[in-house]
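A.B. asks: Questions regarding the structure given below will be posed in turn.
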Amino acid sequence: AVLGTYAVASKFAELLRLVPQSLTYVLYPRYAQKGRSSAARNARKLIPVAGALTLVGAVPLALAAGVVLPFVYGHTFAPAVLPARIIIVGLAAEGAAGVITAFLYGAGRPGLNSLGLAVGLGMTVLLDLLLIPRLGAVGAALASTAAYLTTTAVLAVIFWKLTRSGETGSERIEPLEATDGDRR
């Protein structure tokens, strides 16, 4: 029952990720084409806008959880409302993470994005072990929220350090050439 409650809560809350994921997939080829300096300038402008967009979107989604989840899944899943709202808090800044991910991919530094995700994963595992036995689905939601916020914070620090350290030279990032093996 707890797992089902959490699954419904997390899938509902993750609707908030649709725009940030779209931003990542639209922006990263553009950032690769622009070169790092131009991409960094553009990302700096978009990060607060994208962050605000998901923050604003989080409010109606959190309010809707109280109506939509019981209506769609039945009153048996009413306990999913609180975990969904908690997870939405963690995803409220996801727009910023989407732009930073696009920049890191476009700048040819996807490993740094993976580093941010790894820190979030570590946070998830640690807090799941500590919170789920005592708090059930709410504990899992708190762990997810902490992980999402930690990942976004780590990505923001990485972006700031990378774009402030002079590594954003104006060189274009050239696409990889296809080899004969790729053409088969």
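A.B. asks: Tell me, in nm to one decimal, what length is gained between Val68 and Ser38 on full extension, where the rule is 0.36 nm per residue of separation less the Cα-Cα distance? Before the final figure, lay out each step's value.
C.D. replies: Working: separation 30, 0.36 × 30 = 10.80 nm, distance 4.23 nm.
Length gained, Val68 through Ser38: 6.6 nm.
A.B. asks: Sequence gap at least 6, Cα distance under 8 Å: using those rules, report the relative contact order of the chain to the nearest whole percent.
C.D. replies: Numbers: 273 pairs, mean separation 60.4, N = 184.
Once divided by the residue count of the chain, the mean separation gives 33 percent.
A.B. asks: Can you tell me the FRET efficiency between Ala52 and Leu115 if r is taken as the Cβ-Cβ distance and R0 is 22 Å, rounded to the nearest 0.05? Don't jump to the answer; show the numbers that get you there.
C.D. replies: Numbers: r = 26 Å, r/R0 = 1.16.
So, using R0 = 22 Å, E works out to roughly 0.30.
A.B. asks: What lysines does Lys45 reach when the alpha-carbon gap must be under 26 Å and sequence neighbours fewer than 8 apart in one chain are set aside?
C.D. replies: Straight-distance partners of Lys45: Lys34, Lys161.
A.B. asks: If you add up the charges near Thr152, with Lys and Arg at +1 and Asp and Glu at -1, over every other residue whose beta carbon is less than 13 angstrom from its beta carbon, what do you get? Present the calculation step by step, with values, prior to reporting the outcome.
C.D. replies: Details: positive: Arg17; negative: Glu94.
That sum, taken over residues with Cβ under 13 Å, equals 0.
A.B. asks: What is the sum of charges, Lys and Arg at +1 and Asp and Glu at -1, for the other residues whose Cβ falls under 13 Å from the Cβ of Leu3? Let's see the in-between values first.
C.D. replies: Numbers: positive: Lys11; negative: Asp128.
Neighbourhood net charge equals 0.
A.B. asks: Please state, to two decimals, what the Cα-based radius of gyration of the chain comes to when divided by 2.2 N^0.38 Å (N = residues). List each step's numbers first, then the result.
C.D. replies: Values: Rg = 18.7 Å, N = 184, 2.2 N^0.38 = 16.0 Å.
Normalised Rg, Cα atoms only: 1.17.
A.B. asks: Okay, moving on. Among Asn113, Ile132, Gly35, pick out the residue whose Cα is farthest towards the positive end of the charge dipole of the chain, where Lys and Arg carry +1 and Asp and Glu carry -1 on C-beta, about the Cα centre.
C.D. replies: Gly35
A.B. asks: Of the heavy-atom accessible surface of the chain (probe 1.4 angstrom), what whole percent is carbon and sulfur? Write out the running numbers ahead of the final one.
C.D. replies: Numbers: 6790 of 10040 Å².
The nonpolar share, carbon plus sulfur, comes to 68 percent.
A.B. asks: Let me ask something else. Can you figure out the FRET efficiency of Leu130 with Val26, using R₀ = 30 Å and their beta-carbon distance, to the nearest 0.05? Could the numbers behind the result be given before it?
C.D. replies: Details: r = 38 Å, r/R0 = 1.25.
E between Leu130 and Val26, to the nearest 0.05, is 0.20.
A.B. asks: Would you calculate the separation in nanometres between label points at Ala7 and His75, each defined as 7 Å from the Cα along the Cα-to-beta-carbon direction?
C.D. replies: For Ala7 paired with His75, the spin-label model returns 2.4 nm.
The values are calculated or read from the model by the stated rules, or taken from the named source; none is laboratory data. For clarity, every value in this text was computed on a predicted model and none was experimentally measured. All Cβ positions, even for glycine, are placed from backbone atoms using ideal geometry, and neighbour counts span all protein chains on display. Just the protein is used for accessible areas: all its heavy atoms, side chains included, with ligands, DNA and RNA removed. Shrake-Rupley method; radii C 1.70, N 1.55, O 1.52, S 1.80 Å.
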